[in-house]
Structure formats: C-alpha cells, structure tokens
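Encoded as structure tokens, the structure appears first; notes follow it.
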Amino acid sequence: MAHCEYKKPIREEPRVTVLCWVSRIGERSWDHLDYTVSTGKVEFAIGRITQVGYNTRRTVKISEKLRKSLEKYAGKPLKFREA
C-alpha cells in the first residue's frame, strides 16, 4: 500500500532532499516507511508505504534480526490530512 500527499509543486529548486524512516514495526509488517520531500524549509510532499514480510504466498512474522535492523531507522509517524 502506498500513500502520497502533495503539498506544493517543485519549481526550479536547485536541490531537494528526500528523507525516509521506519515509523511503525508490526509482527508481519514494517508498515510505514515514511518519506518527506523538501528543501529543508519548504515541504513539497509526504508519503508512506507498507512493507509486508512474506514467503511463498503467505505472510510471515518479522525475524528478530530484521526487527533490530529496522529499529535503527525508527522515527515519528507522519500525520496526513483526512481523506
């Protein structure tokens, strides 16, 4: 699943920065890789994708090794406008 919320068009910016972090880790998903696209002062878009662990057509629990790796990149969840 993916969600993107556009805020402003990017026009003639010499540089934009895309940041990404893990905002939620579940038992079978590390759902929420959150993203921001900005210049540091102006935010152009925010987004979120859900990643699910699976093996041969079935979801599987996230291993402790993967969980520990993901926790290194943990951050605060983004807030989106209501649909």
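What the table below lists for this structure:
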{"item": "Summed side-chain charge close to Asn55 - residues other than Asn55 whose Cβ falls under 14 Å, Lys, Arg +1, Asp, Glu -1", "result": "+4"}
{"item": "Within the chain, helix-based [θ] at 222 nm, where runs of 4 or more DSSP H residues each add -39,500 (n - 2.57), nearest 500", "result": "-2500 deg cm²/dmol"}
{"item": "Cleavage-rule hits, GluC sites (Glu not before Pro), the range 2-75, DSSP coil, Cβ neighbours within 10 Å at most 11", "result": "Glu12, Glu27"}
{"item": "The chain, relative contact order [Cα under 8 Å, separation at least 6], %", "result": "32"}
{"item": "Filter on Lys8/Lys76; Lys7/Lys72; Lys41/Lys72; Lys7/Lys41 - keep pairs with C-alpha separation over 19 Å", "result": "Lys8/Lys76; Lys7/Lys72; Lys41/Lys72"}
{"item": "Summed side-chain charge close to Thr17 - residues other than Thr17 whose Cβ falls under 13 Å, Lys, Arg +1, Asp, Glu -1", "result": "0"}
{"item": "Karplus (6.51, -1.76, 1.60) ³J(HN,Hα), θ = phi - 60°, over the range 13-27, in Hz, Gly and Pro reported as x", "result": "7, x, 7, 10, 10, 10, 10, 9, 8, 8, 10, 7, 10, x, 6"}
{"item": "Check: the chain dipole with +1 on Lys, Arg Cβ and -1 on Asp, Glu Cβ, in debye", "result": "240"}
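Bear in mind these aren't lab numbers, they're just calculated from the coordinates by the rules spelled out. This structure is a prediction, so every number in the text was calculated from the model and none was measured. No Cβ is skipped: glycine too gets one built from the backbone with ideal geometry, and neighbour counts run over all protein chains shown.
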